[in-house]
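Q: Take this structure first; my questions come after.
The values are calculated or read from the model by the stated rules, or taken from the named source; none is laboratory data. On a predicted model such as this, the values are computed, not experimentally measured, just so you know. We place every Cβ from the backbone using ideal geometry, glycine too, and count neighbours over all the protein chains shown.
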Amino acid sequence: MSDPAPVQHFIRTIIEADLTSGKHAAIATRFPPEPNGYLHIGHAKSICLNFGLARDYQGTCNLRFDDTNPEKETEEYAGAIQEDVRWLGFEWNGEVRWASDYFPALYEYAQELIDKGLAYVDDLTPEEMREYRGTLTQPGRASPCRNRAPEENRDLFQRMKAGEFPDGSRTLRARIDMASPNINLRDPVIYRIKRAHHIRTGDQWCIYPMYDYTHCISDALENITHSLCTLEFEDHRPLYDWVLDQLSVPSHPRQIEFSRLELHYTVTSKRKLNQLVTQGHVAGWDDPRMPTIHGMRRRGYTPAGIREFTRRIGISKSENVVDMAVLEGAIREDLETKVPRVMAVLNPLKVVLTNYQEGVTTSRGAGFHPSHPEFGEREVPISREIWIEQDDFAENPPAGWQRLTPGGEARLRYSYVIQCEEVVKDAEGRVVELRCCIDHETLGKNPVGRKVKGVIHWVSAAHALPIEARLYDRLFLDPEPDGHKGRDFLEFINPGSLTVVSGWAEACVNAAAPETRYQFERLGYFCADRFDHKPGERLAFNRTVTLKDSWAKEQA
């Protein structure tokens with residue numbers, strides 16, 4: 001993997017200072033997703049940050065699943081996350097780690113807190129706990145159970161583990177400060193009773209640790225040096241430090257927060273993404289309109305393009321709201337130099353070449369990329385009937401029109417200049433066919449005595465292959481679909497986010513494997529679908545991005 005030089009940011013400055021001072025001989029980061037959904041573009045930012053820092057400073061990065069909420073977690077999600085990390089170009093340190101690997105240790109650490117008088121078993125209901133917690137302006141009140149003796153708390157906690165109490169009837173809480181201005185320190189719950197089958201431990205446990213308690217200890221047990229998370233966890237940092245300060249853990253990582261990514265014209269809430277899937281607004285988590293890594297991959301986005309996007313948007317503590325055009329631009333620039341170019345027609349209009357002569361009208365070879373001769377070339381065959389785009393003909397052309405008109409000329413890309421002699425219409429007056437003549441003296445050279453400006457793409461009807469093209473656009477019409485108080489984000493779904501058309505492409509795409517990318521000249525960048533594209537049988541291509549960013553102009 002060869003990416004551009006990284007952009008300096010405040011986390012790099014911290015790491016470099018720690019390495020220079022000798023505080024750490026090497027850095028260790030981690031990426032800790034919960035396997036309760038597919039990863040999205042925001043996670044890609046975190047993946048590139050954590051794994052990228054480990055790579056750049058010759059450190060390590062662990063992949064650790066936060067599997068403390070068994071009701072929502074599945075092996076499917078865990079497998080997809082591992083696939084996404086590798087597809088983006090990264091490899092984790094050693095084996096995959098799981099928070100559940102540490103359940104026995106977490107239980108022992110909880111008993112250590114109990115013995116120190118720093119944790120207690122509480123009988124309050126969730127509703128009572130909310131009432132006792134207080135507000136941002138009023139301190140909380142102590143639970144009647146707060147002063148239980150350590151011996152009683154240890155006994156009750158062991159009985160919680162043994163399954164003696166109903167779900168939700170008791171919790172284990174850290175004993176910190178009910179008057180703290182930081183609500184996270186008002187005796188937070190660190191264990192709850194929940195009888196739920198776990199994807200890895202089965203029914204071994206009926207108590208599960210909370211994320212804030214689990215995460216910091218997991219970091220410490222793995223000797224993480226820099227625990228990077230998004231800004232919503234900034235208020236949780238005092239709890240992170242408090243837990244580690246009370247326990248005999250092998251290390252005390254430093255938590256550092258950065259701003260999360262907010263991408264215009266999409267949503268990144270897992271709950272809302274799941275809603276799009278379950279309510280059928282999209283075809284699944286890997287629908288190419290989704291901001292999931294699986295969806296972006298299926299659409300044809302490249303790992304290098306996504307990594308470049310995360311490099312461009314940077315890392316800071318300030319608001320990180322980015323327009324979709326920045327992501328599309330990074331993808332477009334990566335594809336520009338890496339993919340072959342071929343011709344396809346997606347809105348076909350038949351053209352009959354009236355003076356086509358077998359053995360006289362010939363074909364030319366054409367390179368797959370003007371700047372990369374190493375990509376090779378293919379033959380561009382011609383026949384008596386060809387397909388052009390409907391949009392490349394106008395009966396009454398606007399000023400400056402440089403394509404076909406009645407009586408006008410245009411050059412066929414890599415082939416002859418043709419002139420439109422006759423326009424054939426159906427009973428409703430729609431143009432269904434053009435009859436054109438070839439200037440046989442113009443193969444590979446300009447006509448004598450006149451200048452032809454227009455060049456149009458085309459395919460030979462006798463040689464072209466039928467394709468299905470999925471034309472994807474932004475899933476939402478509003479840049480912030482979930483930013484309107486009192487309105488459902490689903491109101492802003494773009495009804496034109498997917499258009500499926502039948503077209504024709506050069507025969508050279510027939511053997512393209514799934515995920516092969518092309519530029520269809522003048523139409524955009526396309527990718528053979530991961531699952532629906534069957535070489536030699538069904539050719540299905542997803543439009544990744546258009547050749548230019550036309551969205552802003554269209555919405556103006």
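Q: Any residue at all in region 419-437 that's assigned by TED's automatic domain parsing to the domain that holds Gly365, aliphatic (A, V, I, L, M), in contact with a Lys or Arg (Cβ under 9 Å, 6 or more places away or on another chain) and closer than 24 Å to Gly365 by Cβ?
A: No, there is no match, as no residue in region 419-437 is assigned by TED's automatic domain parsing to the domain that holds Gly365, aliphatic (A, V, I, L, M), in contact with a Lys or Arg (Cβ under 9 Å, 6 or more places away or on another chain) and closer than 24 Å to Gly365 by Cβ.
Q: Go through (1) without any contact (Cβ under 8 Å) to a residue 60 or more places away in the chain; (2) part of a loop (DSSP other than H, G, I, E, B) for Asn355 and report which single condition fails.
A: All conditions pass for Asn355, except number (1).
Q: Which residue is nearest to Gly454 (Cα to Cα), if the candidates are limited to region 483-499 and must be under 22 Å from the mean Cα position of the chain (by Cα) and without any contact (Cβ under 8 Å) to a residue 40 or more places away in the chain?
A: So, considering only residues that are under 22 Å from the mean Cα position of the chain (by Cα) and without any contact (Cβ under 8 Å) to a residue 40 or more places away in the chain, the one nearest to Gly454 (Cα to Cα) is Thr499.
Q: Separate question: Determine which member of the set Gly359, Gly376, Gly367 is under 26 Å from Gly444 (Cβ atoms), of a type outside the set (S, T, N, Q) and at pLDDT below 95. Before you say what the answer is, go through the steps one by one.
A: Details: Gly376 fails: at pLDDT below 95; Gly367 fails: at pLDDT below 95.
Of the residues listed, the single one that is under 26 Å from Gly444 (Cβ atoms), of a type outside the set (S, T, N, Q) and at pLDDT below 95 is Gly359.
Q: Of the conditions (1) without any contact (Cβ under 8 Å) to a residue 24 or more places away in the chain; (2) in a helix (DSSP H, G or I); (3) over 30 Å from Leu261 (Cα atoms), Val326 clears all except one; give me its number.
A: The number of the failed condition is (3).
Q: Identify all residues within region 206-249 that are β-branched (Val, Ile, Thr) and over 14 Å from Asn62 (Cα atoms); write none if there are none. Please lay out each step first, then the result.
A: Here is the first cut: in region 206-249, the residues β-branched (Val, Ile, Thr) are 207, 214, 217, 224-225, 230, 243, 249.
Of everything in region 206-249, those that are β-branched (Val, Ile, Thr) and over 14 Å from Asn62 (Cα atoms) turn out to be Ile207, Thr214, Ile217, Thr230, Val243, Val249.
Q: How do the pairs read when you match residues in region 329-343 that are without any contact (Cβ under 8 Å) to a residue 40 or more places away in the chain with residues anywhere that are buried (at least 19 other Cβ atoms within 10 Å of the Cβ), using Cβ under 6 Å and keeping only pairs 6 or more apart or on different chains?
A: Filtered contacts from region 329-343: Ala330/Gly305; Ala330/Glu308; Ala330/Phe309; Asp334/Thr302; Asp334/Ala304; Asp334/Gly305.
Q: If we keep just the residues of region 279-328 that are within 24 Å of Asp478 (Cα to Cα) and of a type in the set (Lys, Arg), which is surrounded by the fewest Cβ atoms within 10 Å (Cβ to Cβ)?
A: Checked region 279-328; the qualifying residue surrounded by the fewest Cβ atoms within 10 Å (Cβ to Cβ) is Arg312.
Q: Taking region 501-522 as the region of interest, how many residues are touching a Lys or Arg at 6+ places or on another chain (Cβ under 9 Å) and either assigned to a strand (DSSP E or B) or not charged (D, E, K, R) (or both)?
A: 8
Q: Determine, yes or no, whether Glu95 is surrounded by fewer than 20 Cβ atoms within 10 Å (Cβ to Cβ), without any contact (Cβ under 8 Å) to a residue 12 or more places away in the chain and farther than 30 Å from Leu156 by Cα.
A: Here the answer is yes, as Glu95 does meet what is asked.
Q: Kindly provide the set of residues from region 361-414 that are acidic (Asp, Glu), within 36 Å of the chain's Cα centre (by Cα) and either exposed (fewer than 14 other Cβ atoms within 10 Å of the Cβ) or farther than 30 Å from Lys338 by Cβ (or both), ordered by number. Lay out the reasoning, then the answer.
A: Step one: filter region 361-414 for residues acidic (Asp, Glu), giving 374, 377, 379, 385, 389, 391-392, 395, 409.
Still in the running and within 36 Å of the chain's Cα centre (by Cα): 374, 377, 389, 391-392.
Those that are acidic (Asp, Glu), within 36 Å of the chain's Cα centre (by Cα) and either exposed (fewer than 14 other Cβ atoms within 10 Å of the Cβ) or farther than 30 Å from Lys338 by Cβ (or both): Glu374, Asp391.
Q: Within region 506-543, take every residue that is among the basic types (Lys, Arg) and more than 17 Å from Arg341 (Cβ to Cβ) and give me the one that is nearest to the chain's Cα centre (by Cα).
A: Arg530
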